[in-house]
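Structure, as structure tokens:
The values are calculated or read from the model by the stated rules, or taken from the named source; none is laboratory data. Not measured: the values here are computed from a predicted model. FYI the Cβ positions are ideal-geometry reconstructions off the backbone, even for glycines, and counts take in every protein chain you see.
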Amino acid sequence: MTPDASSPSPPAPASTRQQETAGPETAPEAPDYAPMLFAYHRAHAAELKAMIATLPLGPADRVLDVACGDCAHAQWLAQRVTDGVVLGIDISAPYLHLAERQLETAAAGSGAKAAPVLLCAAAAEALPLPAASIDLGWCAHSLYSLPEPMTALRELRRVVRPGGHVAVLEQDSLHRVVLPWPADLELALQQAQLRALQRRPNGPGKYFAARRLATLLEDAALDTVSVQPFSTMRRAPLDGDERCYLDGLLDDLRAKAAPYLAPAMRDRFERLCDPGADTYLLDRPDFHATYLDVLAVGRR
Ligand SMILES: C[S@@+](CC[C@H](N)C(=O)[O-])C[C@H]1O[C@@H](n2cnc3c(N)ncnc32)[C@H](O)[C@@H]1O
């Protein structure tokens, strides 16, 4: 969903509260991509909540959100388990500070009934929970960025009770958002991104988690795995949050792919990616973007 998130800060207690009430856009030390992801959550809240609405949950369930980030998903999960509890864990202390402030803002502003959301600093690969202690383990748009996705999935299975579920929402890096490039440029961009991914330490495989989700969950000894695709389209004119997210996406694409494009292709690409140019892709009246997600649910 974001630029590679695999280099987070070391774990730290989540209890240190920020003195100021800065929003996520200004949170000190938050990951670079945090405002972009925050904007995405606002712009796609209805669709993401609809995905969460399909999860096998009861009102008193205990839910774990692994790699919770700004805890948007944890808050939506909490609205599904009003008499239960949601625990969000993340390895990044800045992200947990940001999540804490989100929870404070939500508590002050909304009357919607929701379970308490607790936060904890921990690694997905070593969850600080007893075996069989939760009903559903959730991991959204993060599996691909974890250093050891299979270890994380096995940990999720360990902490879920027999009969409970593990649910993973993921995208494939090269197809997460389909944009209306000219077809030849699109193919060149796919190739350039693949070359960039091939230079990563473990190669490109883990950046294609969505298409392998069923196999990954089965390999983690989960049963009766179901896989559901979701697509969402946005057209011009874009609202502020959508634009903020897509601006960030194009910036990231520029950083990753441009070095691998042939000069003529790179010039065309740069003109379409320059927010100051009248050729900027997002300003086209016929602009449209299609988001592709896969949700897999396995039973323990
Ligand atoms: C792309 S963000 C997604 C956050 C959130 N799930 C969402 O959908 O917005 C990836 C998250 O994974 C966290 N993360 C990275 N490595 C981790 C690890 N080994 N254990 C736990 N969290 C990790 C990062 O700190 C970051 O919050």
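Side notes on the structure shown:
- Taken together, Leu281, Leu253, Leu261 contain a single residue that is closer than 19 Å to Leu194 by Cα, crowded, with 19+ Cβ neighbours inside 10 Å and touching a helix residue (DSSP H, G or I) at 6+ places or on another chain (Cβ under 6 Å), which is Leu261.
- Taking the listed residues Ala74, Ala27, Ala78, the one that is under 20 Å from the mean Cα position of the chain (by Cα) and modelled with pLDDT under 95 is Ala27, with no other qualifying.
- One residue stands out among those in the stretch 142-173 that are of a type in the set (Gly, Ala, Ser) and not in a strand (DSSP E or B): the one that is farthest from Ala122 (Cα to Cα), which is Ser173.
- Answer residue from the stretch 174-189, given it is part of a helix (DSSP H, G or I) and within 21 Å of the chain's Cα centre (by Cα) and is nearest to Val294 (Cα to Cα) among those: His175
- Some residue of the stretch 132-154 being among the aliphatic types (A, V, I, L, M), touching a His at 6+ places or on another chain (Cβ under 8 Å) and within 13 Å of the ligand (Cβ to nearest atom): yes
- Within the stretch 201-230, the residues that satisfy the criterion of being touching a strand residue (DSSP E or B) at 6+ places or on another chain (Cβ under 6 Å), assigned to a helix (DSSP H, G or I) and surrounded by 15 or more Cβ atoms within 10 Å (Cβ to Cβ) are Ala210, Leu213, Ala214, Leu217.
- Residues of the stretch 111-167 that are under 17 Å from the mean Cα position of the chain (by Cα), among the small types (Gly, Ala, Ser) and modelled with pLDDT of 95 or more: Ala123, Ala124, Gly137, Ala140, Ser142, Ala152, Ala167.
- Among the residues of the stretch 52-88, those that are surrounded by fewer than 21 Cβ atoms within 10 Å (Cβ to Cβ) and either within 11 Å of the ligand (Cβ to nearest atom) or among the hydroxyl-bearing types (Ser, Thr, Tyr) (or both) comprise Thr54, Thr82.
- Meets criteria (more than 15 Å from the ligand (Cβ to nearest atom) and touching a Ser or Thr at 6+ places or on another chain (Cβ under 8 Å)) for Arg157: no
- Among the residues of the stretch 94-128, just one is in a helix (DSSP H, G or I), surrounded by fewer than 19 Cβ atoms within 10 Å (Cβ to Cβ) and near the ligand (Cβ under 9 Å from one of its atoms), namely Pro94.
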